[in-house]
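First comes the structure, then the notes that go with it.
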Amino acid sequence: MAADTVEKVPAPPRAIALRLVSVGFGYPDAAWKTRFDALLRAARDSRAVPAGGLNKLEQALSAVLPSELEGQHFRLFGPAPVCPLELAFHATKDPNGQAKKIADLAGFYKAFGVESEHRADGLPAVLEFLAYLEIKRVHAELNGWSEKRDIAADAAEKMRGELVFKTVGVIARKLSAAGAPEFYLQLAALCRSLLGGKS
């Protein structure tokens, strides 16, 4: 989702934290572990997340075998998921309402010239897009472009408030009820705290 205009901006701490959570919900194969560990180090170095939260997340990941985490990911988020990562599914049971939520999210992406390879309401894609908006906001702020800064900040706040925050709360409750591993519970808690805060 990167754009040429923001490629050279060092990732702001909040963007790193959002990407950490986005990747955390991805399929946990060997490549995932390498990427997640790198983002965990970046989050620690940038103080993107309080050290206590990162420690809990890291301990929870260490406490589960990779094969068990893969199985749990498949059970929780796979083809017949206990807890789908598609936000529209949790926002409403009405198919028309779900289609509207997906269209609303796709509208946010399109307004910023972003095309997602995945469903617009997939939680990892939404978190990556919010990280992108944070990078755009900081880039505009560093260049003194107050209007562009405000546009990115307002879009992120609206997206979080209207379309994402409550739904992630539903996902967190479903993960807990489904007996998800502590890693996913910690990830969901971190996700909620990031989405509830201002840019």
Please determine, by comparing only the residues of the stretch 113-122 that are part of a loop (DSSP other than H, G, I, E, B) and in contact (Cβ under 8 Å) with a residue 12 or more places away in the chain, which one is surrounded by the most Cβ atoms within 10 Å (Cβ to Cβ).
Asp121
Hey, Gly144 hits all of (1) of a type outside the set (Ser, Thr, Tyr); (2) in contact with an Asp or Glu (Cβ under 9 Å, 6 or more places away or on another chain); (3) open to solvent by 10 Å² or more (accessible area, probe 1.4 Å) but one; which does it fall short on?
(2)
Apart from one, (1) in a helix (DSSP H, G or I); (2) surrounded by fewer than 16 Cβ atoms within 10 Å (Cβ to Cβ); (3) of a type in the set (Gly, Ala, Ser) all hold for Ala152; the odd one out is (2)
Identify, please: which residue in the stretch 170-199 is open to solvent by less than 60 Å² (accessible area, probe 1.4 Å) and among the polar types (S, T, N, Q) and is, among those, nearest to Ala63 (Cα to Cα)?
Gln186
Boolean, Leu130 is assigned to a helix (DSSP H, G or I), closer than 25 Å to Asp29 by Cα and either open to solvent by less than 40 Å² (accessible area, probe 1.4 Å) or not charged (D, E, K, R) (or both):
yes
Restricted to the stretch 13-59, and to residues that are hydroxyl-bearing (Ser, Thr, Tyr) and more than 16 Å from Gln186 (Cα to Cα), which residue is least open to solvent (accessible area, probe 1.4 Å)?
Ser46
Count, please, the residues in the stretch 60-102 that happen to be open to solvent by 60 Å² or more (accessible area, probe 1.4 Å) and touching a Leu at 6+ places or on another chain (Cβ under 6 Å).
1
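The values are calculated or read from the model by the stated rules, or taken from the named source; none is laboratory data. The structure presented is a predicted model; accordingly, all values stated were derived computationally and were not measured. As a convention, Cβ positions derive from the backbone with ideal geometry for all residues, glycine included, and neighbour counts pool all protein chains shown. These area figures cover heavy atoms from the full protein model, side chains too; ligands, DNA and RNA do not enter into them. Shrake-Rupley method; radii C 1.70, N 1.55, O 1.52, S 1.80 Å.
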